[in-house]
Amino acid sequence: MAMPDFQTLMRPVLEFAAGAEERSMKETYPVLADQFQLSEEEREQLLPSGRVRLFRNRVAWAVTHLKKAGLLEPRRRGVYAITSQGKKVLVDAPERITLNYLMQFEAFREFRSQRSDNERSNATAETVEQPTPDLEDEGQTPEEALAKAWKEIQENLESEVVDQIKQVSPAFFEQLVVDVLVSMGYGGERLGAARAVGQSGDGGIDGIIDEDPLGLDVIYLQAKRWEGMVGRPEIQKFAGALQGRRAKKGVFITTSSFTREAREYASMIDNRIVLIDGYRLARLMIDHDVGVSPVERYVIKRLDTDYFVEE
């Protein structure tokens, strides 16, 4: 069974609430997950932020909208109960309670009206008035919509970064690799962090970077701008160069990608070789602000219920 959206969850939440004087969010999550036969993987699935479980987020928003409609009421932190109005709704409500259905309740209409007024007050003079969307289309929670937009922006930026690094000179690419590794905490200071980068005829080694600021261990690098996919022979050559230096760790970075055989070989040998393709390199650059700069920053906050506890 597919993961239900938050509107599909509203009637099951209401039915579950009707089975006891009050319910906690903690007990609601597993009951509904069992009802929809979710796998363990689906129950643990996170939003792109990596901090909130997707299913729990949807259940929480289902509860929130039912409260706004007056069908549920809060009792205390993390605990809710069905109202008399909520019990009446269960008698004749459709199989799937939606936001459109909740619009019949004055409390919910006021809630939506307040939100619309806030959106209009924040609009600029140039904003074109758009028709009111069908609430049935709101299948995503606000966190999901934000996460989806963030993911699209991130993927577009990754593509732009990959296209850009494919156009730089070999020397600039080698410097870029060092900048990324230093920004990740390798090599200590930028000056002198890497050695022998770009020197040919060194048995497949393009550079050496300190693993820690004190230089107690080193990592050997292969940094190549590549047109086609990097195959197993290139990784074998790099592994041989590492063995020749009695080295255990290496990083092979390319602007392109690796074949399945190359990845399998790197995972089987004793030497620890990390393969970084163009898109992974782009993600590392974005994560560590190499070649990119912040434009906007949004901070999502939650209510601190502990603050409002009176002694």
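Worth a mention:
- Residue count, the stretch 253-266 (criterion: closer than 17 Å to LEU221 by Cα and either among the basic types (Lys, Arg) or part of a helix (DSSP H, G or I) (or both)): 3
- If you go through the stretch 262-277 and keep only what is of a type in the set (Gly, Ala, Ser) and buried (at least 19 other Cβ atoms within 10 Å of the Cβ), you end up with ALA262, ALA266.
- Contact map, the stretch 33-48: first residue assigned to a loop (DSSP other than H, G, I, E, B), second residue among the polar types (S, T, N, Q), Cβ cut-off under 8 Å, separation 6 or more or different chains; pairs are LEU47/ASN57.
- Every residue from the stretch 278-306 that is in a helix (DSSP H, G or I) and surrounded by fewer than 10 Cβ atoms within 10 Å (Cβ to Cβ): ASP306
- Selection of the stretch 40-94 for residues being modelled with pLDDT under 95, among the polar types (S, T, N, Q) and more than 13 Å from LEU9 (Cβ to Cβ) yields GLN45, SER49.
- Qualifying residue in the stretch 109-127 (condition: modelled with pLDDT of 90 or more and in the same structural domain as ALA17 (by TED's automatic domain parsing)): yes
- Subset of the stretch 167-194 (residues that are more than 11 Å from ALA223 (Cβ to Cβ) and modelled with pLDDT under 80): GLY187, GLY188, GLU189, ARG190, LEU191, GLY192, ALA193
- Residues of the stretch 49-100 satisfying the condition of being touching a residue at least 60 places away in the same chain (Cβ under 8 Å), assigned to a loop (DSSP other than H, G, I, E, B) and among the polar types (S, T, N, Q): SER49, THR98
- Test: residue in the stretch 225-243 that is hydrophobic (A, V, I, L, M, F, W, C), in contact with a Ser or Thr (Cβ under 8 Å, 6 or more places away or on another chain), surrounded by 15 or more Cβ atoms within 10 Å (Cβ to Cβ) and modelled with pLDDT under 85: yes
The values are calculated or read from the model by the stated rules, or taken from the named source; none is laboratory data. Keep in mind it's a predicted model, so treat the numbers as computed, not measured. Methodologically, a virtual Cβ is constructed for each residue, glycine included, from the backbone with ideal geometry; neighbour enumeration extends over all protein chains shown.
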